[in-house]
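Below you'll find the structure, written out as structure tokens, and then a few comments.
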Amino acid sequence: MASAAAVSMLPRPPCIHPSPVASSASLLLMCTLPFRRRPLRCSSAAYAVLRDDTALVPISAIGPVNDDKSIFEITLDLSSAPEFVASYTTPGQTVTTSVPSSGLRAAYIEIASAPHSGPQFDLLVKSVPRTTAERLCKLSVGDQVELGAVMGQGLPINDIKEAETVLYFAVAEGLSPIRALIKSGLRNNVSLYYGARNQEAVPLQEELDEWQKTGVNVIKVLTEPVQHPFLRDPNPIVKNPKSTVAVLVGPIDLQQEVKKALTGLGVPVEKILTIAQWYPNY
């Protein structure tokens, strides 16, 4: 991973898209610009103060989800911000997040909970020094977080549902959109490759074990890049290339190497979906 030095300007929001060599006609997803909505209303100004397309919402739960405490799960209570709940419709969407009065740029964070799962957002946040991410991880229950627009069109759910083989690749907090997919019920014919530097860095270990018991083939990769076990022998996994979908959430080398292997097997390039990650990404 790249240096965790603070960035001086706001990065562009993560894009979810097929391989860049796909034609424009084959693009399944596009990033959307933040939209401006009418002012929202709430019953308690102290509980959720909203203006234009932003909302101040309280943290209802927060804590580390791996043994080395590098990744936190933060649950935001959106009971007084129903328009934000309604705008999250598809796994893979992001929300802009900031700490009030911190002076730091907003973060673009993929939502880790399933859409339509109640008036809350679950976020997986990797603590990166001198960034909004670090400040978020140091907050407590009851502290307020400022949300901006929910962004992006998300992942092509129908393609994933109809595929005979589904491959998920993720590292670090990149597990967020994968978790949202699995919590939405998209766990049939799924192999999940998750990479971490060691066992202590793996988040949500009990949840991963539960996924394994309910049909997800979870492959934890700890001693090498997450894509390498797949690249060594992809043929037994990709039985029908034309009915295979892959979702790649991680650094550029992961995306490039897996795309090359999958297209070499005959997987349509528009079925290889990426969610760009930058380190640090906020």
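The values are calculated or read from the model by the stated rules, or taken from the named source; none is laboratory data. This structure is a prediction, so every number in the text was calculated from the model and none was measured. Methodologically, a virtual Cβ is constructed for each residue, glycine included, from the backbone with ideal geometry; neighbour enumeration extends over all protein chains shown. Side chains included, ligands, DNA and RNA excluded: accessible areas come from the protein's heavy atoms. Shrake-Rupley method; radii C 1.70, N 1.55, O 1.52, S 1.80 Å.
Before moving on, here are some points about what is shown:
- The Rg/Rh ratio of the range 66-127, with Rg taken over Cα atoms and Rh as the Kirkwood radius over Cα pairs, comes to 0.98.
- Here r is the Cβ-Cβ distance between Gln212 and Ser101 and R0 is 35 Å; the resulting FRET efficiency, rounded to 0.05, is 0.25.
- In a fully extended conformation the segment linking Ile237 and Gln205 would gain 9.2 nm over its present Cα-Cα distance, using 0.36 nm per residue.
- Note on Lys161 and Leu222: their simple-model spin labels are 3.7 nm apart, each label 7 Å out from Cα toward Cβ.
- For the range 206-282, a/c is not less than 1.5, where a ≥ b ≥ c are the root eigenvalues of the C-alpha gyration tensor, and a/b does not top b/c. That puts it in the oblate class.
- Centroid-to-centroid separation of the range 104-176 and the range 219-274 [C-alpha atoms, Å]: 22
- Dmax and Rg, reported as Rg then Dmax, of the range 107-211 (C-alpha, Å): 14.9, 44
- The solvent-accessible area of Ser117, taken with every protein chain present and a 1.4 Å probe, is close to 60 Å².
- Efficiency of FRET from Cβ geometry, Gln120 and Leu265, R₀ 30 Å, rounded to 0.05: 0.15
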